[in-house]
Amino acid sequence: MSDRRKFIKLGVAGTAALVTGCVGKNEEAAGDPKGAGGTSAQAKGAIVLSTWDHGMPANAKAWSVLQGGGSVLDAVEQGVGVIESDFSNRSVGLGGMPDRDGHVTLDACIQDHEGRAGAVAFVQRFEHPISIARAVMERTPHVMLVGAGAERWAQENGFSPRDVDIPEVRKAWTEWLKKGEYVPVANVENHDTIGMVAMDAQGRLAGSCTTSGMAFKVHGRVGDSPIIGAGLFVDGEVGAACATGVGELVIRNAGSHTVVELMRAGWDPTDACREAVQRILRKLPDPSGMQVGFLALRKDGSYGGWSVFNGFNYAVRFTEQEALVDAGHELKLP
Ligand code: GLY
């Protein structure tokens, strides 16, 4: 279902140059094993998928939760919770990069196979926004709480705030303040948000997504990660998808919802992710620095991912496999 078309490719100095064709499924990924690069693969039974290489320890935790008889919702909560607690991670949790005012603000959401959903956005000083998101889902009639209200509700519901001061992060912010420029950078460093989608052996799906958001964002900015349909979407009848990268692009295109709806219409997970990436690019005159990646799981166990630029990978775990897979991509970084 993916068509061939012209794409903008970044030149050496970041200038846009027109090239024909695309880097992707039928070219660069040709010959890759199933599930690597640009083709979907299929798992039998339970499966866990997470964005980036920090998905490996996250998947390991989620997998152990499933093996221990926990629910798939427990698995996606506790899986990404491992990364939230890793204060050496600069894109998730309290170790993440601050906004331009020096505050680390966190966004997260969670969704189950019945379509129940919970989210928090713009919360500070909580180690596990994903668990607050789950509590919002389970204990309130709402989907999303934000900012001071979310923080107050969290404290009233048993979550304790904490202060984490990381000299390296403070130093990076102080350095950034010297120029104060905000330029999104295509991420090839194997992180930026963790999104997880999973299915248990009975075919129940769930997903989670958590982030500290873009480094040096405007105070109050919320990205795609806590927004159901953007950073994450789960439909128990069809499948699940999550996103990583420049959140504004994902929100504008209802990214994860788009991927799931394409799968509902019969698209293969990799092709669905690719189409969502292509829709973003069609409306983006200059993609410089604009990395976005999608990861999708269909209810039949097939899965795949696709990104704007090379560099996006995802972790996969099922009975026969534990691997880090390079996703296919439209554009190649110089
Ligand atoms: N995808 C993370 C963000 O834009 O905040």
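Look at the stretch 215-229: where a residue is farther than 12 Å from residue 106 by Cβ and a partner is near the ligand (Cβ under 8 Å from one of its atoms), sitting 6+ places away or on another chain with Cβ atoms under 6 Å, you get 224/231; 224/243; 224/247; 224/250. Residues that are closer than 25 Å to residue 62 by Cα and modelled with pLDDT of 95 or more occur in the stretch 273-284; there is at least one. Of all the residues in the stretch 230-261, those that are surrounded by fewer than 24 Cβ atoms within 10 Å (Cβ to Cβ) and touching a residue at least 60 places away in the same chain (Cβ under 8 Å) number 4.
Are any of the residues in the stretch 272-283 more than 9 Å from the ligand (Cβ to nearest atom), among the polar types (S, T, N, Q), in a helix (DSSP H, G or I) and crowded, with 24+ Cβ neighbours inside 10 Å? Within the stretch 272-283, not a single residue is more than 9 Å from the ligand (Cβ to nearest atom), among the polar types (S, T, N, Q), in a helix (DSSP H, G or I) and crowded, with 24+ Cβ neighbours inside 10 Å.
With more than 16 Å from residue 209 (Cβ to Cβ), within 20 Å of the chain's Cα centre (by Cα) and away from the ligand (no atom under 14 Å from the Cβ) as the only criterion, which of 64, 131, 88 stands out? Spell out the reasoning first.
Details: 64 fails: within 20 Å of the chain's Cα centre (by Cα); 131 fails: more than 16 Å from residue 209 (Cβ to Cβ).
That would be 88, the only listed residue that is more than 16 Å from residue 209 (Cβ to Cβ), within 20 Å of the chain's Cα centre (by Cα) and away from the ligand (no atom under 14 Å from the Cβ).
Which residues, counting only those in the stretch 299-313, are touching a helix residue (DSSP H, G or I) at 6+ places or on another chain (Cβ under 6 Å) and surrounded by 24 or more Cβ atoms within 10 Å (Cβ to Cβ)?
Of everything in the stretch 299-313, those that are touching a helix residue (DSSP H, G or I) at 6+ places or on another chain (Cβ under 6 Å) and surrounded by 24 or more Cβ atoms within 10 Å (Cβ to Cβ) turn out to be 303, 304, 305, 306, 308.
Quick check on my filter: what residues within the stretch 256-268 are within 16 Å of the ligand (Cβ to nearest atom) and either within 16 Å of residue 49 (Cβ to Cβ) or in contact with a Ser or Thr (Cβ under 8 Å, 6 or more places away or on another chain) (or both)? Within the stretch 256-268, 256, 259 meet the criteria. Only one entry of 271, 192, 224 meets the criterion of being out of contact with any Ser or Thr (no Cβ under 6 Å at 6 or more places or on another chain) and of a type in the set (Asp, Glu), and that entry is 224. Within the stretch 89-130, restricting attention to residues that are farther than 23 Å from residue 73 by Cα and aliphatic (A, V, I, L, M), the residue that is surrounded by the fewest Cβ atoms within 10 Å (Cβ to Cβ) is 97.
For the structure I just gave you, tell me whether residue 258 is among the polar types (S, T, N, Q), more than 15 Å from residue 40 (Cα to Cα) and outside any loop (DSSP other than H, G, I, E, B).
Details: among the polar types (S, T, N, Q): yes; more than 15 Å from residue 40 (Cα to Cα): yes; outside any loop (DSSP other than H, G, I, E, B): yes.
Yes, satisfied.
The values are calculated or read from the model by the stated rules, or taken from the named source; none is laboratory data. Owing to the predicted nature of the structure, the values given are computational and were not obtained by experimental measurement. Backbone-built Cβ (ideal geometry, glycine too); neighbour counts: all protein chains shown.
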